[in-house]
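What follows is a short report on a single structure.
Derivation of every value follows stated rules applied to the coordinates shown; laboratory data play no part. Keep in mind the model is a prediction, meaning the values are calculated, not measured. Every residue, glycine as well, gets a Cβ built from its backbone with ideal geometry; the counts of neighbours run over all protein chains shown.
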Amino acid sequence: AELIAGMTPSSLDTQFWVVVIFIYYILATLLPIDKLIGNLYPIFGLALLFMGVGIFVILLGHLEYVPEFTDGLYNRYPDAESHPIFPMMFVSIACGAISGFHATQSPLMARCIKNERLGRRVFYGAMVVEGILALIWAAAAMAFFKGSFTDLATYLGEKSTAPLVNEISVTWLGMFGGFLAILGVIAAPITSGDTALRRARLITAD
């Protein structure tokens, strides 16, 4: 909602878009899947893929700022003691590199795939793709701040993830490309919400 508010007139603030998103959730939960979700998801999917490819291509020119894997897997958060890696990593990565999201989609996806064999492609394939997207954004955030964990932490402490996503997308991809990239980022949590509510309804019905 915060990202959408940043791309629309100031009269349409974050609170307005929260309400709009929840109205969409209700409609997506109650309407047949081919009426709303089936029409919107291809658009969200294309935006998500454009975002990943676009950011990755630009990232290739900034690889010198991406830390080596051997730099150490430790908590770089400024206040590390009050923000332990576990269980916070599972909250921050969400349906990215570590994903339980797709495993919980069974009540919904079982009604959508034509053959049981497609389950591997749908569940495992989507998880791998989202893991790649999560890693691209992690590297992009580091490259944007020229490899400085301190600058990144300071920025996130003063603002939040949404403005950073907006700034990286527009700076690297221009206004139109940035819009598509941000749409891809917006699509991920919104589609998590609508499918969560929809599968809750299906589980209750079952």
(request) Take peptides 155-162, 199-206 and line them up by average Cβ neighbours within 10 Å, highest first, as a rough protection proxy. (result) 155-162, 199-206
(request) State to the nearest 20 debye the size of the charge dipole of the chain about its Cα centre, where the only charges are +1 on K and R beta carbons and -1 on D and E beta carbons. (result) 940 debye
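I need the helices of the chain that pass two filters: whole DSSP H segments spanning 30 Å or more by Cα along the axis, and mean Kyte-Doolittle score no lower than 0.0.
Both cut-offs are met by 37-59, 161-205.
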(request) With a Förster radius of 41 Å, plug the Cβ-Cβ distance of R121 and T8 into 1/(1 + (r/R0)^6) and report the FRET value to the nearest 0.05. (result) 0.70
(message) Run the reach check for K146 against aspartates and glutamates, Cα to Cα strictly under 12 Å, same-chain hits fewer than 8 apart removed. What comes back?
(response) E64
(message) Given the -39500 (n - 2.57) contribution per DSSP H run of 4+ residues, what per-residue ellipticity at 222 nm results for the chain, rounded to the nearest 500 deg cm²/dmol?
(response) -21500 deg cm²/dmol
